[in-house]
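Just below is one structure, and these are the notes that go with it.
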Amino acid sequence: MKTEQNHQNDPNGRLFLVGTPIGNLGDFSPRAKEILEGVSVIACEDTRTSGNMLRSFGIQTQLTSLHQHNEHRKTPELIARLSQGDSVALISDAGMPAISDPGFLLARAAHLAHITVSAVPGPVAAVTALAASGLPSDRFVFEGFLPPKKGRKTRLEAIAEDERTTLIYESPHRIVRLLTELLEVCDETRLCAVCRELTKIYEEIRRGTLSELKEEFGNRARQRGEFVLVLAGKTYSEEPQE
Ligand code: SAM
């Protein structure tokens, strides 16, 4: 195990970006547990949330917070620890760090400081949704969260023109607004899938045209849970070709 933590002859520690479940604790990997038990410190977005999850797996490693509001200040501190030989793991509240979550700044800083970076892969909501959507997965684009205001329309217009499948993260209170906005820039028959609560008890994957799904979700009194929208590319069709 220790061979995973440090390269031979490398005085630096190693940075691990470790994936954690997106809802179902059964998706926590044995390798993630092994790495998280072995590092000197685990950086996480919320020490209380991650502390509960880690304790349920019997992991008692020291935690430190790294979130979007302190990552510029915390990154040099963690790089200093790595340079002194400590190994550090970064996790997020759910899924893979660096995917619509902190991680990019720390991974970049580690590379620039010649510190070895490893990823311990785990679930990513976007890729999980894509696989389950039954929409083309040979070429896709990850949009993450669209900007709430400035630049949103331009991004929506570009998405409408894209030939690749697009993956979008959206909050429950904006999912119907997103479907409505997409209907303004795409054909109403454009196929999509709304994937909700993936891997959890109330998992739901609804597939249809933009107008069908806007009607279905718009008719619900309240939207609950976490959502990924998978939108087929501009010219994708399931109509029989003549
Ligand atoms: N790092 C995470 C990943 O690897 O997917 C993403 C974190 S981002 C802050 C949170 C967003 O991811 C949610 O608002 C939702 O759009 C999506 N998401 C996370 N878990 C999900 C789930 N179980 N089902 C559907 N969407 C989910």
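So here's what we get for this one:
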quantity	calculated
Apportionment of accessible area to carbon and sulfur, region 2-120, percent (1.4 Å)	49
Extension reserve of the Arg155-Ser237 stretch, reckoned as 0.36 nm per residue once the Cα distance is removed	27.3 nm
Protein accessible area in region 125-231, 1.4 Å probe - carbon and sulfur %	50
Surface per residue (accessible, 1.4 Å probe) for region 2-120, Å²	48
By average C-beta atoms within 10 angstrom, highest first, the peptides 188-200, 84-96, 152-164	84-96, 188-200, 152-164
Residue list for region 87-101, given a label point 7 angstrom along the Cα-to-Cβ vector of Ser56 and an amide N cut-off under 14 Å	93-95
Computed FRET value (nearest 0.05) for Ala221 with Glu188, which takes r as the C-beta separation and R₀ as 22 Å	0.40
Gained length - Leu105 relative to Ser29, 0.36 nm times residue gap less alpha-carbon distance	24.9 nm
Thr20 long-range amide H proximity, modeled H, under 5 Å	Ser92, Gly95, Met96
Those chymotrypsin sites (Phe, Trp or Tyr not before Pro) in region 13-81 that DSSP places in a loop and that have at most 15 other beta carbons within 10 Å	Phe57
Residues Arg174 and Glu212, FRET efficiency given R0 of 25 Å [Cβ-Cβ distance, rounded to 0.05]	0.85
From phi via Karplus (6.51, -1.76, 1.60), per-residue ³J(HN,Hα) for region 33-50 in Hz, x at Gly/Pro	4, 4, 5, 5, 6, x, 6, 6, 8, 10, 8, 9, 5, 9, 5, 6, 4, 5
Of all DSSP beta bridges in the chain, antiparallel share, percent nearest 5	45
Probe 1.4 Å, protein heavy atoms only - accessible area per residue of region 182-242 in square angstrom	61
Pairwise label distance in nanometres, Asp138 with Asp162, each label 7 Å out on the Cα-Cβ vector	1.8
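The values are calculated or read from the model by the stated rules, or taken from the named source; none is laboratory data. Note that the structure is a prediction, hence the values are computed from the model and not measured. All Cβ positions, even for glycine, are placed from backbone atoms using ideal geometry, and neighbour counts span all protein chains on display. Just so you know, the surface numbers come from the protein's heavy atoms only, side chains and all, with ligands and any DNA or RNA stripped out. Shrake-Rupley method; radii C 1.70, N 1.55, O 1.52, S 1.80 Å.
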